[in-house]
Amino acid sequence: MKQTLARGLYGWALRLATPLYLLKLWRRGAAEPLYRAHWGERLGLYRGPAAEPGRLWLHAVSLGETRAAAPLIAALRAQRPGLRLLLTHGTATGREAGQALLQPGDTQAWLPYDTPGATRRFLRHWRPAAGVLMETEIWPSLQHSARRAGLALVLANARLSEKSLRQGQRLAALMRPAAGALSLALTQTEADGQRLALAGVPRWERAGNLKYDLRPDEALLARGRAWRAALRRPVLLGAVTREGEEIALLRAFQRRYAERSAAERPLLLIVPRHPQRFDEVAALVASQGLNLARRSAWGETPPPEAAQAEVWLGDSLREMSLYYGLADLALLGGSFAPLGGQNLIEAAACGCPLLMGPHTFNFAEAAELALQAGAARRVADLDEALTQAQALLGEAAAQRADMARAAQQFAATHRGAAERMAARILDLMPV
């Protein structure tokens, strides 16, 4: 009774908030027009008859989850040729990236807003054979509708932090039934599995982390290294930074190199996590009196004036391999504020050494393994990061080279999650 009441109140709250949700999407569409496309899908409304049944439905909410899903989708197709896919997303960057993963017979849609009616219409229209949610996705109405429809749901590449577990336990009447609707969680770590069991997931298996199976784009990596060779000065990367970190990094950078000329400083390259913040970060650089060059302003090769800039802004999508190839050393975004850190595995696969702040709880095991392997170092704050960076970019360059080799070996050692997860997902699908 308590769970039914909680789910009912949740559904009504979302129904009442639907106009605000749609308004938010419309506003985001001013910068990212894809948000204004296919609006009916957000409400579970579709034109034409129901889709042909039998697709595997995979939900990758944003860009990071979509990229992580790529090796899983490749493994699924290899193990079951002819597999048809329904790929859903919540963000424009995820949907745009997902287009490259589609093959004939596949389709793509927005995941509807998590109201009871929208989720029922979604499942009734698409009639998938099984569903896969990526990483941390829990949708109470959707998962209740899936359970009632008898649909097997897998949480792939699953992770759950201690903080998220505590938050879920405070809303146990709502979240525990949603967790219980999962058929299986394929977890990144043993600790993730134990926390998911406490949250109410009935079955879990450790399968590893799909992000180890992502391979760098070799063409972009080579281009980045060519740019670095032409610069003739070291490059320090703020990788996948979050709000609040860029201004702190810029101020720490200014303090560290206040007495040095622009030519004596490393080039500071900043790549923000969210594309809608590119202009905001450019304004932050200008507010510190630093000369800025933006990646979006040139094509294959930086113009001569870019080489004289003090800061480069990586305001492009799907070019992280280029930026890691360009960088001599990276500072891990999301780890210098209490945000849990970003994915460090891609940097390692590109052979880019890392300095991490104190906050890596979203990737705790990967961070610890990288430290043990010598691929990364832990620092207390940005001031300490820049102290170590100055040494590693200067007299301690041999140590940096050792870290780069260790990073590539660390990434290669942990591959194989995609094949394991694909096999378990296909076990739950009709032949």
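Listing for the model above:
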| read-out | value |
| --- | --- |
| Residue in region 127-137 that is open to solvent by less than 10 Å² (accessible area, probe 1.4 Å) and over 19 Å from M429 (Cβ atoms) present | yes |
| Which listed residue is part of a loop (DSSP other than H, G, I, E, B) and in contact with a helix residue (DSSP H, G or I) (Cβ under 7 Å, 6 or more places away or on another chain), from A51, A75, A6, A70 | A51 |
| Pair list, Cβ < 6 Å and 6+ apart or interchain, from region 284-308 residues that are closer than 16 Å to A229 by Cα to residues that are at pLDDT 95 or above and open to solvent by less than 40 Å² (accessible area, probe 1.4 Å) | A306/A293 |
| Top-ranked residue of region 266-321 - restricted to ones that are of a type in the set (S, T, N, Q) and either in contact with a strand residue (DSSP E or B) (Cβ under 9 Å, 6 or more places away or on another chain) or modelled with pLDDT of 95 or more (or both), ranked as least open to solvent (accessible area, probe 1.4 Å) | S321 |
| Candidates T119, T115, filtered to the one that is of a type in the set (V, I, T), over 25 Å from M421 (Cβ atoms) and buried (at least 21 other Cβ atoms within 10 Å of the Cβ) | T115 |
| Single match in A181, A152 (criterion: under 30 Å from E419 (Cβ atoms) and in contact with a strand residue (DSSP E or B) (Cβ under 6 Å, 6 or more places away or on another chain)) | A152 |
| Criterion: farther than 19 Å from L123 by Cβ, in a helix (DSSP H, G or I) and in contact with a strand residue (DSSP E or B) (Cβ under 6 Å, 6 or more places away or on another chain) - qualifying residue of E41, E65 | E65 |
| Where a residue in region 235-255 is outside any strand (DSSP E or B) and its partner, wherever it lies, is among the hydrophobic types (A, V, I, L, M, F, W, C) and open to solvent by 40 Å² or more (accessible area, probe 1.4 Å), with Cβ under 6 Å and at least six apart | R242/L339; E245/F336; E246/L284; I247/L284 |
| Checking N362 against (1) open to solvent by 70 Å² or more (accessible area, probe 1.4 Å); (2) at pLDDT below 95; (3) among the polar types (S, T, N, Q), the condition it does not meet | (1) |
| Filtered residue count, region 336-359, keeping only those that are under 15 Å from G64 (Cβ atoms), at pLDDT 95 or above and in a loop (DSSP other than H, G, I, E, B) | 0 |
| Qualifying positions in region 152-164 - open to solvent by 10 Å² or more (accessible area, probe 1.4 Å) and free of Cβ contacts under 8 Å to residues at least 40 places away in the same chain | L160, S164 |
| Identity of the residue in region 374-393, free of Cβ contacts under 8 Å to residues at least 40 places away in the same chain and either farther than 15 Å from L332 by Cα or not β-branched (V, I, T) (or both), that ends up least open to solvent (accessible area, probe 1.4 Å) | A375 |
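The values are calculated or read from the model by the stated rules, or taken from the named source; none is laboratory data. All figures in this text were calculated on a predicted structure; none of them were measured in a lab. Methodologically, a virtual Cβ is constructed for each residue, glycine included, from the backbone with ideal geometry; neighbour enumeration extends over all protein chains shown. Areas reflect the complete protein model, heavy atoms only, side chains present, ligands, DNA and RNA absent. Shrake-Rupley method; radii C 1.70, N 1.55, O 1.52, S 1.80 Å.
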